[in-house]
Amino acid sequence: MITLDDINYLLPEDLIASHPPEKRGDSRLLAVSRKDKSFTDSYFRCLPDMMNPGDCLVMNNTRVFKARLKGKTPGGDKNIEILLIERLDDKRWISMVKNSKKIPAGTHVNFHDEEAVILEHDEDMRIVSFMSALTFDQIDNIGEVPLPPYIIKKRKRNSENVFSEEDGSRYQSLLARHNGSVAAPTASLHFTEEMLSRLKQKGIGIAFVTLHVGPGTFKPVDTDIPDDYRIHREWMEVPGDTVKILQKTRKEGGRVIAVGTTVVRALETMAGSYDSYEQWESYRGSTRLFIKNDFKFKATDALITNFHMPKSSLLLLVYSFGGMDLIKKAYKHAVKNMYRFLSYGDAMFIY
């Protein structure tokens, strides 16, 4: 049984990437072979050379919206910060409210020209209701990019501005289409138009799923036994067109390569109840799939992913896919060789 110590490691703060590389795609890549139990230092631009014609990359086309809102109570006497998590209808959102215990139900808040009221608790969240129905574009006009807490923390320690102009475009995949995420599917951030073109020219397929990434992705495993941890819930969809592409890929001997842990969760949720790929069908709904230990992968043949936080459920997923001993060695190598970690950091290709 994996223990909490198994998913803990020393991550020097100077290896946490607080800004993206100067150019999108200029990242390093650690290629990890499960067959040979080995790893090789490379660069992300070399990824197409590691693909075979007939392989299929599966990418998450969710879009990060400006979900962090800062406002004031009508008298201006109190600052309120919220993070919109899940839309219930045109006006109401499940939200995280900073210092929530100190804010009574019925508190009104002004976010620029928009007014909302903070209502009851929903487990550890709050319901926030706006007076007007807001589109995602309107929310983007009054909100901020919901950068991960470790990036904000490091920038503050370095006396930098918490948000920079580059975050608006760089904390977003080029393939982002569907609003709903409060965190980027970071493995997708490395892809450029040039690389996508090279992959297509080589005969690599590209398919899409949607999984709206929630704040639970940053929550550390907080139970003594990781198996007892309750994984976060996220909304996802694997459309019928994608299922057909994946079935064709498998039938013709290609690999299904997940771009990010969010894609793995989506694919394995879709495939979980079937015995063979011929039976796969589209899926739309929520997932709480907790991938750990000796999980039996049915849809994922290879994985592109960033380096994850210590004590994270995502690290458990990567251990399960790559093997704990091999991934531990790869992480130790990455720290020693000063790879950049977390959302704006470098990547691994586990095959």
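The values are calculated or read from the model by the stated rules, or taken from the named source; none is laboratory data. It should be emphasised that the depicted structure is a prediction, and the values quoted were computed from it without experimental measurement. Please note: Cβ atoms are built from the backbone with ideal geometry, for glycine as well, and neighbour counts cover all protein chains shown.
For the stretch 1-45, filtered to residues that are loosely packed, with under 13 Cβ neighbours inside 10 Å and hydrophobic (A, V, I, L, M, F, W, C), the residue that is nearest to Thr186 (Cα to Cα) is Leu10. Annotation note: Cβ proximity below 8 Å between a residue of the stretch 200-224 that is outside the structural domain of Gly285 (by TED's automatic domain parsing) and a residue that is modelled with pLDDT of 95 or more and surrounded by fewer than 16 Cβ atoms within 10 Å (Cβ to Cβ) (sequence gap 6+ or interchain) occurs for no pair.
For every residue, the table says whether it meets (1) over 28 Å from Ser188 (Cβ atoms); (2) part of a loop (DSSP other than H, G, I, E, B).
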| position | (1), (2) |
| --- | --- |
| Leu57 | no, no |
| Lys66 | no, yes |
| Ala133 | yes, yes |
| Tyr150 | no, no |
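Of the residues making up the stretch 75-98, those that are more than 27 Å from Glu166 (Cβ to Cβ), outside any strand (DSSP E or B), at pLDDT 90 or above and out of contact with any Phe, Trp or Tyr (no Cβ under 6 Å at 6 or more places or on another chain) are Lys78, Leu88, Asp89, Asp90.
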